[in-house]
1. Order these by the 10 Å Cβ neighbour count, fewest first: Arg162, Arg373.
2. Before anything else, pin down the relative contact order of the range 537-621: Cα pairs under 8 Å, at least 6 apart, normalised by residue count, whole percent.
3. With θ set to phi - 60° and the Karplus curve 6.51 cos²θ - 1.76 cosθ + 1.60, what are the ³J(HN,Hα) couplings of the range 627-637 in order, to the nearest whole Hz, using x for Gly and Pro?
4. Skipping prolines and chain starts, which residues have an amide H placed within reach, meaning under 5 Å, of the one on Ile567, given they are 5 or more residues away or on another chain?
5. Could you work out how far the C-alpha centroid of the range 33-84 sits from that of the range 355-429, in angstrom?
6. Of Lys382/Lys459; Lys381/Lys438; Lys451/Lys623; Lys175/Lys245; Lys165/Lys236, which pairs sit farther than 19 Å apart, going by alpha carbon to alpha carbon?
7. Highest mean first, what order results for 222-231, 344-353, 208-217 on Cβ atoms within 10 Å?
8. Which order do Tyr101, Tyr440 fall in if you start with the one that has the fewest other Cβ atoms within 10 Å?
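Each value in this text was obtained by applying a stated rule to the coordinates, not by laboratory testing. As the structure is a computational prediction, the values presented were derived from the model and not from experiment. Don't worry about glycine lacking a Cβ; one is built from the backbone with ideal geometry, like all the others, and counts go over all protein chains shown.
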Amino acid sequence: MDMNQYLDMFIEESKEHLQAINSNLLVLETEPDNIQIVNEIFRSAHTLKGMAATMGFEDMASLTHEAENVLDMIRNHKLNINSDIMDVIFQSVDLIEGMVYNIIEGGDGSADVSKPVSLLRAIVSGDMAVVASGQAAAEKEVTAAAAEHHHDLDEFALTVMRQSKEAGNNLFWIKVTLQESCMLRAARAYMVFDQLENAGEIIKSTPSVEDLENERFDYEFELIYVTMKSLEDIKKMVENVSEVKEVLIKTVEVTTPQVQVEEAKKETAAAQAVEKKPAAEANAAPAGAAKKVSTGKTIRVDIERLDILMNLFSELVIDRGRLEQLSREIGRGELSETVEHMSRISGDLQNIILTMRMVPVEQVFNRFPRMVRDLAKDLNKKVNLEIFGAETELDRTVIDEIGDPLVHLLRNSIDHGIEMPAERKKNGKPEEGTVQLKAYHSGNHVFIEVKDDGAGISKEGVLKKAIERGIVNPATAENLSDKQIYELLFASGFSTAEVITDISGRGVGLDVVKNKIESLGGSVSVDSVRGEGTTFLIQLPLTLSIISAMLVQVENEKYAVPLSSIIETAVFRKDEIMLAHRQKVIDFRGRVVPLVSLKGIFQVPDQGNGSDDDEVAVVIVRKGEKMAGLVVDSFIGQQEVVLKSLGKYLVNVFAISGATILGDGQVALIIDCNALIK
């Protein structure tokens, strides 16, 4: 019997069961006496074992069988849950998940399951000493594996590495061994860092910077380092530091797996080479087996088919615009009625297609409780993750892209926002820190908030580092508001080296977060109160393909301004325009708003159509708190437009996010208001 025809079904159902097991294990950890949850996990594991055995994935079936035996003992009250048992079960689930993603990539799903199997058997036999020592050995193995590979680098560190490589930089793995006679190890490590940071950027250190500073290491440490200099130059530079015994340097080749960041510290998975997760597959499964709808009422559709349907419909929208224009010009009653009816029908069709593509953010949020649990454990912190609005829906293409920025912000909050329990207690806070992840709709946008009740951001620290890095000059720095200081965290090249750990650094990769969100047509901002916490706010469009826009005319050219950026349109008399710092400005409801001439920005040739009117048409647009007035010749009106990219030959055109074809066949460029507002 050919099993390939069942492979897709096996993969989808396995992901559902694994998600359900992970979610239920987290509940079980907080409610160890909840036998109903154990039964749920047992049922999912049992189904998974049967499916794996049927499909011929023996390693997966045998590992799941051993996990099932442990769960069976727990539910029959023959075994009490403790931290070591939970860790072994979590590791086993991670390894099974790794096998599933190996199968997705065309592998045979095999893996070395001997260690987790022996640990699970030791639990069944009651030999907990073997389990505890097995856990310690697994942790050592992770450290060893991380030295050779970059398994525990998250997607943003990898993105930074890839971008650095593409920009012509060299990537090195450096291992520095100090002499045994070295008295001040932390000082020597600092001198090595100091030398290296003069010529490049340290992306990661093992042990962490904090451990190095506190001399919590023997005589060696490892770094991943980006630089323009050669291997020989770097080696000489490090060897020049006194009391350095040996320097090993290897060139790092960056692979391009879409690493699921919560796998970054998985003990067993780190020893396996099955860690890639295609973005399109990563969130395809419904939220969990528990919520599975009866198969008679749902059907799984390949996302590519929905993309094709969307593209075909967007062509229809263009033709609809053309027909509406022709019917106005011809003026025949029957034609107008038919076109109106067609417009209504296609509007309904558009809503249905967009709704079909909408997916609850729950699919992204589901992976975070497990990640937060592992991270808090690694950092010896107590963290409670609260999730609100997981049912909020977003376009599928956006869902696939927001996971990694959110992972980075969450890791950031836990690592640098939330303080250690003792410090929180000293400051009169509960020992357990709270991180809130909230999603909600507002207008044509979805907002996602990552909020922690930690230490907040040190304005002085951010300013000091920004001045050191030349991001702002000292004169300007004095006039910056708190909000503007926090925005410096997103500046390219900004990092606060003192706080970089192996988890994240407040600032490291935040420029990548910003670039990713803005590439989706969204924006990200940060606000913080010292001692009370920090809030990151992400604003995203509901969909990326069809947008509502205001059409405007400049000379003979037409431009589309997205409605989501517009506050209002207005007409000002020329004598209302003032000059401030050699910049034309207007008074808009008590606020000074700079004017931007689209004719000047896009160098539109003068057709001599300019009237000597005493009035100027202005579109007031905003980006966060900032506003600007776009000066145009006239307003044409509001219209639904299809966003088309300009193709690979016209990348990075300033202030243009794409183009659309209008009803009369003309091409109108779509203005990126974010780029116009500095």
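1. By the 10 Å Cβ count, ascending: Arg162, Arg373.
2. Rounded, it is 34 percent for the range 537-621.
3. 10, 8, x, 8, 8, 10, 7, 7, 9, 9, x
4. The list, which skips near neighbours in sequence, is Ile620, Val621, Arg622.
5. So the separation of the two Cα centres works out to 27 Å.
6. Table pairs above 19 Å Cα-Cα are Lys382/Lys459; Lys381/Lys438; Lys451/Lys623; Lys165/Lys236.
7. Highest mean packing first, the order is 222-231, 208-217, 344-353.
8. Final ranking by Cβ density, sparse to dense: Tyr440, Tyr101.
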